[in-house]
Amino acid sequence: MKRRLIASAAAALITLSTAAYADVVKFGIIAPFSGPFAVWGKQFKDSVEAFQKLNGKSVNGHEIQIIWRDEGAGDASKSRQFAEELILREKVNVLGGFALTPDALAVSEVISESKTPTIILNAATSIVTRKSPYFLRVSMTVAQYVSPLGGWAVQNGIKSIYTMVSDYAPGIDAQDEFLSGFEKAGGKVLGKDRVPLNVTDFAPYMERALQSKADGLFIFAPAGAPSVAMVREFERRGLKAAGMKLLGTGEMQEIFLPSFGDSILGAISSTHYTESNQRPENIAFRKALTEVAGKDAVPDMASIAVWDALGLVYETVKALGPKFTGDQAIDFMKSKTINSPRGPISWDPKERDIIQNVYIREVKKVDGKLINVDLATYEKVRDPWKDNHPDAK
Amino acid sequence: MNVAADNILTVRGLCKNFGALAVTQQVDLDLARGARIGLIGPNGAGKTTLVNLLTGMLSSDAGTIVIDGHHIEKAKPETRVRHGLVRTHQINTLLMETSVRDNVAIAVAERQNYAWRMLRYGPQWRACLDEAQHYLEEMRIGHAGDRRVSELPYGEQRLLEIAIGLSLKPRILLLDEPGAGIPSTEAHIIHEALESLPPDIAILLIEHDMDLVFKFAREIVVLVLGRVLTRDVPANISSNAEVRSVYLGRSVV
Amino acid sequence: MTNQQQATTQQQILAPAAMSRPFSPAMLWHLLPWVIALIFFFVGDGYHSLGTNILVMILFALSLDLALGYAGIITLGHAAFFGAGAYAAGIFAIHFNADPVLGLLAATAIAGLLGLLTGMLILHTRGETLLMLTLAIAAIFYEIANHARWLTGGDDGLSGIRVTPVFGLFRFDLWGKTAFLYALSVLFIWFIIAALVVRSPFGRSLDGIRQNTKRMRAIGTPVWWRLVAMYSLSAAMAGSAGALTAQSTRLVGLSTLELLTSGIVAVMLVLGGERRLYGAFIGAAIYVVVQDFAGSISPFIWMFVIGFLLIIIVLFFEGGLMGIIDSVVAKLKGKADASGQTGKRT
Amino acid sequence: MQALTILLDGISYGMVLFIISVGLTVTMGLMRVVNLAHGAFAMIGGYIATVLVLQAGVPFLLSALIAAVVAGALGGLAELTVYRPLYRKGELPQVLLTIGLCFVVIAGLTLFVGATPLPAIVPASLDRMVDIGFRSYPAYRLFLIVVGAVLAFIVWLIVERSLFGARLRAAVDDPQMARAVGMNVNRMFTVTFIGGCALAGFGGAIGAGVLPLEPFYALRYLVYFLIVVAVGGMGSFRGSLVAALAIGIVDTAGRYIVPQFGGFLLYVLVFGLLLWRPNGLLPPKSVA
C-alpha cells in the first residue's frame, strides 16, 4: 500500500503548505489502465493532464487532486472494491470513471449510501443513471448517439440495410435503436447478424451482407480488433466496391482511423463528438492535449468525457467551495450548461443524463490525414430509451 | 474339459491380437489353491501381455477367465482385484513421493472399502497403518515404514511391491519379474521373501532369472509366441528338448 | 510400534485426524492466517472488499489445489464452476430466496453437480486432451451465459442481487465488514474439509492416482470414479467461491467464466505452491495485493512482473513460495529433523 | 456457387491456422510440452513485419520472411533457455511457464508498439478483388491459400521425404527409442522448435488480415491453435493440416449458415470429437 502512503503524505504536505483556509478536493477516477481496454485509461490520463495544464491544479486556492485506480480487464467487482476504498479511505469528494456498464452498475449501492456524486465517463447503457440518484453522465448513451442515424440514412438514399453487431448488450441496443429510426423513415431491413465477441474473421458475415445487396451496412463492434477486422473485410470482400455504404458509430473515431487505412474512406458514423471540429473550445482542447501527450495525440470520446467532467468539478468548487454534500453537487452539476469542445452540453434534471448534439460524419482524407467531416448536426438530442421507457428501473 | 475341483483360476482359449499380430493365442491355464507356477518364455513370448489380459489392463478378444466360478474376462481391473486376482509390476510403479507405510496402507484401505472415506476416518486409517506395518514386517522391511519410497534401496522397493500385493489379501498373486534389476548377490532376498508367502495363495511367477524360477516353482509353464508350449515340473522342463531349442534362439513353431 | 506412534494413536482417538499429530508449539503456525484475517477485520476499514476478494480467491485456489494439485487433474477451465456458482447464487437470490446461506448451498450444489456431469464425461482422458476438454467446457459455459441474456444479463452482468442478513441476524453492511466475516467463515469451513479430505484414505488414494495411475488400478482403485468424486468436490468448492463473490459484490459478470480467470487462479496456486493448502492462501493474497500495487505504477508492468515471476518460480522454485518457506524452515530446524519429516507434507 | 465461396473462405482461414499451428503440433507431440506461448511467436512475427512495412517500407513478403527469421531465432533462444528444463517437468509447470512467457511478450510488445490494434499491412496488390470465373473474390484470400499450400508441401517434403524428417517421425513415435539408438534428440528439438516458431512468425505476419494483430493476440487465438493440435492429433503433421482446414471450413460454414449459434458450434464439435477420439483424428503411432 506504499503508493497510497506516498499519495496521502503528499496530499498532507500540500495541505500544510497552502494557506489554512485552502482545502483539497479529491476526484477519484476508476478506469482500466491494463487489459484489453487500457486505451481508455491512457486517454483519460492524458486529457486530465491537459486540462490541469490549461486551467491550473487548483480552484480559488483549493487543490483539485485526481486519484486513479486501475480496474483492469473488465472486472466489475474490482470497480466496487475501489469505490469503497476511495470513499472510505481517501474520502474523495467526487467519484468518476467506468469504461463499461457493469463497472458503473457495481458502484451504485455504494454511492447511494455514501451520497457521493459520481460522474460516468463512458459506460453507455441507458439505464445506468436510474440506478442511483448520485450518478451523472458526461459521456453518452448508445441509444442517444445512434438515434438520428437511421432516419438520416433513409433521407440520404440508403433505402435498404443489413446490420452486423457484436453480440453483447451495447451491440443489440445499437441495432434496435438504429432499426427503429430506419424503419420509421421507411427503410427496408434485409438482414440482421449478431457476431460473437471473440470472432475476428468476418468473411462469412460479410459474404451474407454482400449477398443481401443492401444499400448500406450498419455495424457496431467494440473498438479494437473486432471493428478493425470488420471494416477491413468490408473493403476486401468488395462490399464497398459494390456500392454499399458503411454506417457505424464509435468505430470510426479519429484515433482508430489509421488502423483501418484507406479502406475506411467514405464510411458514415454518428457520434456526439467530431474530433476535428473547429469550435474554439475544441482547438484549445486539442492544443493542450498535444502539448501534454505529443503531436500525434488524438482525442476521443474518453478524452472529451473526462475533460468535461473536470470542467464540472472545477465549476462546482468555484460555486460551492471545497466542502459540499453530494446532493448539493449533483443539483449544481445537472443545472449547468457547458460549452464543451464537442458543442453545448446540458443535463436532463430528472434523469441526470446528458443532452448533447449528435453529428453525422463521413471519413475523408484532408491533407493526407484521415479525419471525420460533419455532414449533419442533430441538436440537443436526449436519450431516447429513457423517453420510451419512463418507468424502467 | 476337465477342471480340477480346487482350481481357483481357470483360463480357457484366451486370445489377443494387435492388428495382424496374434500376441496371445488360445491360452489355457489352471491355477490350484496354493499353486506355485513359474511362467517362462523368451523375449516377446507374450508373458506380460498375458498378465495384462488376466488383470484386465488389456481386454481380451476371446476366451474366458474364471475365478471361483465368477466370469471376470469382461470385468474392470479393480473388480478383478476384488475377486482376489492381484499382480505386482515388473518396473516400479510405487508412489515414490509417499512414505513406505502409506504405500501399503493405501492398498489396505482400498481392500477394506475405506478408500471412499473423506471425513471421520481416524480409527480406520490407523487400522490400515497397523496392518500395513504387519505386511512390511512380513517382507522384512518394517524398519523403513516412515521413509519416502524414493529413498529406499532398489531391492527393498521390490519387496515393498510384494508387500502391497500381499496386503490386498490375494487368492492369486501374479508376480511380474520380482527379481528384475536386482544384483545377483541380493537375489536371495527375493527368494526368501517368496518362500515366506502364505501357502494358500496361488502364485504365478513370471521371471527371467531361471535360478529363481526353478528354485521356487513346483510347475513351470512355457510360453512361446503367445502359445502355451508345455507345462511340467521343473525337472522335466530343463530336460525338454523343445524348450531348450527355444532358449537357444531357434524357432520351434 | 514406537512410542511416538503410540502417542499418535492415542491422540487420534480424541481429535479428528487432521490434528492427529501430538501438539507442538509449531502447530500454532496454523493459527497465523486466521489471526491475520481477524486483525485485518478490525484495522482494514476501506479495504474489506479487497480482503473479501482475497478470501474468495483463496477459496477458489484451494479448490483448484484439490483437483489439480492433489488429484493431478490438469485443468484450465475451473472458472466454469466458479462462474456457475456465482450465477447460480445470483439467480437464486433474485428469483427464489435472498437468504445468503441457502443461496450459497444451492450454488455449491449446482456447481458440484456440474462438476459431476462434466467430470464423468471428460475424466477418461488425460494430459493435453483433458486440458483441451476443460478449456472447451469453460468456453461453452461462457457462451451459454452470454446468450442466456434473459437469465444472466449477458454482457451487462447480473445485477439486482438481494441478500438478506446472514441467519437473519447479520446484515450485509455497505462497507463489506459482514461480507468479510461471512467469507472468512465459509473459507474456514472449506479449509477444514479440505485439510481432512487430503489426509483421508480418499485423498491419499487420489494422491496415488496423480503419482501413478497404473499402480492404483493394480490395487483395485476405481480410478475414474475417484477422480470424478474429487473433481465434483473441487467444483462444489469453486462454486462456493463464486457464490461468495456474487453475494459480497451483489454482481456477477461474464469475466467470472473467462479463460483468463482460470489461468489466474492456476497462477495463484503455483505462486503459493500446490499440494500445500496454505499455498493457495499465500499465492492468492500476494497476487491480489501485488496486482493492486504494481498495476497502478504502469499499465503493463504488472504483466511483466507476473510473467517473469512465473518463469522464475517454475524454473528455480518448484513448490512456489510455500516451498521456499518450507525449505527455510527446514534449514532452521537442522537437517536431522528435516529428514524425519519425509513424506509428510502439509 | 455460394458453397464454393464458403469453401474458399474456410480453406484460406484454415491455411493461416495451419501455418501457425504446425509448429505447435511438433512441440506438443515431439517434446511433450504444453506450449501455451506458441501464439506469442506468431504475434512477434506479425508485429515485426508490421513495423518493417510501416516504418521502413520493406515489401510485404520480404518483411514476413524477416519476421519468420527473427521469430525462429527467438524461438531457438527460448528453447535453449527456458524450454529445455521444462521437458522433465509435469504439465502444470509447463502450462504456467509458457503462460508467463506469453505475458512477458504481450507486455513487451505493448510497451514498445502500443496498446491499439496494428494497421493492416496487406499490400494494395492483394487487397482487391480478382475475377475467378463465377464471381470476383478477394485476392488476399487466394494468396493465403497458395502460400499455405506451398508451405504445406514444403513441410511434407521435409517430414516425409528427408532424412531429418524420418528421424523426426521416429522420435515422435518413440522418443525413448530414438535416444537409445543414439540420435541427438536435443539438437533435433532445437531445430524443430526454431522451424515451428519461424512458421508461426511467418503465419502471424501474412495472416494478419484474418487474425488482426493486437496486444492480446497471443492469448486470443491460442485456443484455436490448441484446437488444431488436439483435433489433428498431437505430433501429426498431416493431422494438423486436416484439422486446420476442417476447423476453418466448419467455423466459416457454421457462421454463414447458422450465425445465431456463433461461438457454440466449434466448441461443441471439438468437445464431441475429443470425447470420441481423445487422441485426435490422425494421431501418431506412439499414442494410437
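Neighbour counts of other C-beta atoms within 10 Å: give me C:317, B:18, D:216, A:27 arranged from fewest to most.
On the way: C:317 17, B:18 11, D:216 21, A:27 25.
In order of increasing Cβ crowding within 10 Å: B:18, C:317, D:216, A:27.
For segment A:297-385, how big is Rg over Rh, using alpha carbon atoms and the Kirkwood form of Rh? Let's see the in-between values first.
Working: Rg = 16.0 Å, Rh = 15.0 Å.
Answer for segment A:297-385: 1.07.
Please list the non-local residues whose amide H lies under 5 Å from the amide H of residue A:160, H modeled 1.01 Å from N, same-chain partners needing a gap of 5 or more.
Residues meeting the criterion, in which the H sits 1.01 Å from N, are A:188, A:215, A:216.
Any chance you could give the angle, 0 to 90 degrees and rounded to 10, that helix C:278-297 forms with the longest Cα principal axis of chain C?
On a 0 to 90 degree scale, this one is about 50.
So how many Å³ per residue does the convex hull of the Cα atoms of chain B work out to? Before the final figure, lay out the partial values.
Working: hull volume 35.6 nm³, N = 253.
Taking the convex hull of the Cα positions in chain B, it is 141 Å³ per residue.
Which value does Rg/Rh take for segment B:92-169 over its C-alpha atoms, Rh per Kirkwood? Don't skip to the answer; put the middle values down first.
On the way: Rg = 11.7 Å, Rh = 12.2 Å.
Ratio of gyration radius to Kirkwood radius: 0.96.
Give the long-range amide H neighbours of residue A:357: residues separated by 5 or more places, or on another chain, with amide H under 5 Å away, using H modelled in the peptide plane at 1.01 Å from N.
A:380, A:381
Using per-residue counts of other Cβ atoms within 10 Å, averaged over each peptide, order D:36-47, B:118-129 from highest down.
Working: D:36-47: 29.9, B:118-129: 18.9.
Ranked by mean Cβ neighbours within 10 Å, highest first: D:36-47, B:118-129.
What's the angle, to the nearest 10 degrees (0 to 90), between helix C:177-199's Cα axis and the longest principal axis of chain C?
That helix lies at roughly 40 degrees to the long axis.
Could you give the nm distance between label points at residue B:187 and residue D:257, where each point is 7 Å from its Cα heading toward the beta carbon?
Roughly 6.8 nm, to one decimal.
How are the alpha carbon pair distances in segment A:33-143 distributed across 10 Å bins from zero to the largest one, expressed in percent?
Bin by bin from 0 Å, the calculated values are 14, 46, 34, 6, 0.
Relative to 2.2 N^0.38 Å, what does the C-alpha radius of gyration of chain A come to as a ratio? Two decimals please. All intermediate terms of the calculation are to be shown ahead of the outcome.
On the way: Rg = 21.2 Å, N = 393, 2.2 N^0.38 = 21.3 Å.
Output field value: 1.00.
Tell me what chain D gives for mean residue ellipticity at 222 nm when only DSSP H runs of n ≥ 4 count, each as -39,500 (n - 2.57), the sum divided by the residue total, rounded to 500 deg cm²/dmol.
On the way: 12 runs with 197 residues, N = 288.
Dividing the helical sum by the residues of chain D leaves -23000 deg cm²/dmol.
Among residues other than residue C:221 whose Cβ falls under 10 Å from its Cβ, what is the net charge (Lys/Arg +1, Asp/Glu -1)? Don't skip to the answer; put the middle values down first.
Numbers: positive: C:215, C:217, C:226; negative: B:78, B:110.
Taking every other residue near residue C:221 into account, the sum is +1.
Report the percentage of all Cα-Cα pairs in chain D whose separation exceeds 33 Å, rounded to a whole percent. Each step should come with its number before you reach the end.
Values: 8220 of 41328 pairs.
Across chain D, Cα pairs with separations above 33 Å total 20 percent.
Please give the average number of partner chain Cβ atoms lying within 10 Å of the Cβ of each residue in D:216-226, rounded to a whole number. Before the final figure, lay out each step's value.
Numbers: counts 6, 2, 0, 4, 5, 2, 2, 8, 2, 0, 6.
Average neighbour count from other chains, rounded to a whole number: 3.
Ignoring everything except DSSP H segments at least 4 long, calculate the 222 nm mean residue ellipticity for chain B; use -39,500 (n - 2.57) per segment, divide by total residues, nearest 500. Present the calculation step by step, with values, prior to reporting the outcome.
Working: 9 runs with 87 residues, N = 253.
One gets -10000 deg cm²/dmol as the mean residue ellipticity at 222 nm.
Using C-alpha positions alone, give me the convex hull volume of segment B:136-178 per residue in cubic angstrom. Mind dumping the intermediate values first?
Details: hull volume 3.1 nm³, N = 43.
Roughly 71 Å³ of hull volume per residue.
Counting pairs of alpha carbon atoms under 8 Å apart in space and at least six apart in sequence, what relative contact order in percent does segment B:92-169 give? Don't skip to the end; give the middle numbers.
Values: 94 pairs, mean separation 35.2, N = 78.
Normalised by residue count, the contact order of segment B:92-169 is 45 percent.
Say the dipole of chain D comes from +1 at the beta carbon of Lys and Arg and -1 at that of Asp and Glu; which of D:264, D:248, D:20 then lies farthest toward its positive end?
So the residue furthest toward the plus end is D:20.
Please find, in a Gaussian network model of chain B (springs between Cα atoms separated by less than 10 Å), the residue of B:175, B:166, B:229 whose mean-square fluctuation is greatest.
Sorting by GNM fluctuation, first place goes to B:229.
Which whole number in µm²/s is D for the protein assembly as shown by Stokes-Einstein, with the Kirkwood Rh taken over Cα pairs at 10 °C and 1.306 mPa s? Working shown, then result.
On the way: Rh = 33.8 Å.
The Stokes-Einstein estimate is 47 µm²/s.
Over all directions, what mean area does the Cα convex hull of segment D:192-267 project, stated in square nanometres? It would help to have the intermediate numbers written out before the result.
Values: hull surface 22.4 nm².
Mean orientational projected area (segment D:192-267, Cα hull): 5.6 nm².
May I ask you to give the average projected area over all directions of the convex hull of the Cα atoms of segment C:85-207, in nm² rounded to one decimal? Let's see the in-between values first.
Numbers: hull surface 38.5 nm².
Answer in nm², one decimal: 9.6.
Of the beta bridges DSSP finds with both residues in chain B, what % are antiparallel, to the nearest 5? Walk me through the intermediate numbers first.
Details: 21 of 38 bridges.
Around 55 percent antiparallel, to the nearest 5.
In debye, nearest 20: dipole of chain C around its Cα centre with unit charges on the Cβ of K, R (+) and D, E (-)?
On the way: 21 positive and 15 negative charges, 242 e Å.
Dipole magnitude for chain C comes out near 1160 debye.
Which three numbers, in whole Å and largest first, are the semi-axes of the equivalent ellipsoid of segment B:8-76 derived from its Cα gyration tensor as √(5λ)? Write out the running numbers ahead of the final one.
Details: eigenvalues 75, 49, 18 Å².
Output for segment B:8-76: semi-axes of 19, 16, 9 Å.
If you average the sequence gap of Cα pairs under 8 Å that are 6 or more apart and divide by the length of segment C:46-265, what percent do you get for the contact order?
46 percent
Radius of gyration and Dmax for segment C:46-265's Cα atoms, expressed in Å?
17.2, 56
In nm, give the distance between the simple-model label positions of residue A:323 and residue B:210, each being 7 Å from the Cα along the Cα-to-Cβ direction.
Computed distance between label sites residue A:323 and residue B:210 equals 10.6 nm.
Return one quarter of the surface area of the convex hull spanned by the alpha-carbon atoms of segment D:226-284, equal to its mean projected area, in nm².
Values: hull surface 14.1 nm².
Mean shadow area of the hull around the Cα atoms is 3.5 nm².
Can you tell me which lysines have their Cα less than 19 Å from the Cα of residue A:287? Leave out same-chain residues fewer than eight positions away.
Answer for residue A:287, where 19 Å is the Cα cut-off: A:42, A:45, A:53, A:57, A:295, A:369, listed by chain and number.
For chain B, what relative contact order do you get, as a whole percent, if you take Cα pairs closer than 8 Å and at least 6 residues apart? Numbers along the way, then the final one.
Details: 458 pairs, mean separation 65.7, N = 253.
Computed over chain B, the figure is 26 percent.
Grab the DSSP H runs of chain C that are 4 residues or longer, score each as -39,500 (n - 2.57), total them, divide by all residues and round the 222 nm result to the nearest 500 deg cm²/dmol. Let's see the in-between values first.
Numbers: 16 runs with 243 residues, N = 346.
Roughly -23000 deg cm²/dmol at 222 nm, from the helical runs in chain C.
Could you tally the net charge around residue C:146, taking each other residue with its Cβ under 14 Å from the Cβ of residue C:146, Lys/Arg +1 and Asp/Glu -1? Present the calculation step by step, with values, prior to reporting the outcome.
Numbers: positive: A:194, C:149; negative: A:167, C:143, C:155, C:156, C:258.
My count for the surroundings of residue C:146 gives -3.
Per residue of A:154-167, how many C-beta atoms from partner chains lie within 10 Å of its own C-beta, taken as a mean?
Working: counts 0, 0, 0, 0, 0, 0, 0, 0, 0, 0, 1, 0, 1, 10.
Mean inter-chain Cβ contacts per residue within 10 Å come to 1.
Per residue of A:257-266, what is the mean number of Cβ atoms on other protein chains within 10 angstrom of that residue's Cβ?
Values: counts 1, 4, 8, 3, 6, 3, 3, 0, 0, 0.
The shielding value for this peptide is 3.
Which FRET efficiency value, to the nearest 0.05, do you get for residue B:140 and residue C:327 by plugging their Cβ-Cβ distance into 1/(1 + (r/R0)^6) with R0 = 30 Å? Walk me through the numbers on the way to the answer.
On the way: r = 34 Å, r/R0 = 1.13.
Computed FRET efficiency for residue B:140 and residue C:327: 0.30.
Can you give me the Kirkwood hydrodynamic radius for segment A:131-259, using every pair of distinct Cα atoms, in Å to one decimal?
Details: mean 1/r = 0.0669 Å⁻¹.
So the Kirkwood estimate lands at 14.9 Å.
Cα axis of helix A:301-320 to longest principal axis of chain A: angle in degrees, 0 to 90, nearest 10?
30 degrees
State the antiparallel share, in %, of DSSP beta bridges confined to chain A, rounding to the nearest 5. Numbers along the way, then the final one.
On the way: 23 of 58 bridges.
Among the beta bridges of chain A, antiparallel pairing accounts for roughly 40 percent.
What is the calculated FRET efficiency for residue C:105 to residue D:55, with r their C-beta to C-beta distance and R₀ = 51 Å, to the nearest 0.05?
Numbers: r = 60 Å, r/R0 = 1.17.
Computed FRET efficiency for residue C:105 and residue D:55: 0.30.
Bear in mind that the values in this text are calculations on the coordinates, not laboratory data. It should be emphasised that the depicted structure is a prediction, and the values quoted were computed from it without experimental measurement. With ideal geometry, Cβ positions are generated from the backbone for all residues, glycine too; neighbour counts draw on all protein chains shown.
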